[in-house]
Every structure is written in structure tokens, then in C-alpha cells.
1. Restricting things to Cα coordinates, could you compute the convex hull volume per residue of the stretch 1-48 in Å³?
2. Within the stretch 26-71, what whole-number % of the accessible surface is contributed by carbon and sulfur, with the 1.4 Å probe and all protein chains included in the calculation?
3. Per residue, how much accessible area does the chain have with a 1.4 Å probe, in Å²?
4. By a straight-distance test (C-alpha under 19 Å), which lysines pair with Lys29 as possible cross-link partners, with residues fewer than eight away in the same chain excluded?
5. Would you mind telling me which residue in Leu26, Leu63, Leu18 has the biggest mean-square fluctuation in a Gaussian network model of the chain, where springs connect alpha carbons within a distance under 10 angstrom?
6. Binning at 10 angstrom from zero up to the longest distance, how are the C-alpha pair distances of the chain distributed in percent?
7. Grab the other residues whose beta carbon is less than 15 angstrom from that of His51, score K and R as +1, D and E as -1, and report the net.
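The values are calculated or read from the model by the stated rules, or taken from the named source; none is laboratory data. This structure is a prediction, so every number in the text was calculated from the model and none was measured. Cβ: placed from backbone, ideal geometry, glycine included. Neighbour counts: every protein chain shown. Note: areas computed on protein heavy atoms with side chains; ligands, DNA, RNA excluded. Shrake-Rupley method; radii C 1.70, N 1.55, O 1.52, S 1.80 Å.
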Amino acid sequence: MGDKKNISGPQIRRCRELMELSQEQLAAKAQRSGWDIGRSVIAKMETGSRHVSDIELSKLAELLNSSPNELLRHSSASGS
């Protein structure tokens, strides 16, 4: 139905692509840091079909050389 479960997905994807990482590479980087997460979970986060906890958001920000605030920035056609 198009129900999004997070607003960080597009920003997670943008940051990952800026780092030239595939979802699989990001998952491997996370696993090397001690976080057991797979490519399919990252894909679900990016598409908004899975909730992202605050702890996960913090870890993703660290892995993506970003900040939780940046990952929560909702892109829209009209700025505020």
C-alpha cells in the first residue's frame, strides 16, 4: 500500500551511494564492526519497508560517515 515505516531510507541510500558502496558492501562493513545485519535488511530500510531503530540509525550514521540528523533529513520538493 505504500506505507513507509521510516523517513531515513532515501538518505541512507544516498550516503551509501556517495561512498560508492553496494548494499552488500555496507552489510559487510557493518558485520566487521560487530553488527550482524544482512543486505536484505539494508534494502528494506532503504525502501522504507522496515523500521529503523535509534540504535540502528546511530550505527548507520557512523558507518556512512554521516550523522543521525543527516539521515533523518526528509527530502522534499519544498524546503523549509
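1. Hull volume normalised by residue count: 73 Å³.
2. Roughly 49 percent, rounded to a whole number.
3. Heavy-atom SASA per residue in the chain reads 66 Å².
4. Output for Lys29: Lys44, Lys59.
5. Leu18
6. Binned Cα distances yield the sequence 19, 56, 21, 3.
7. +1
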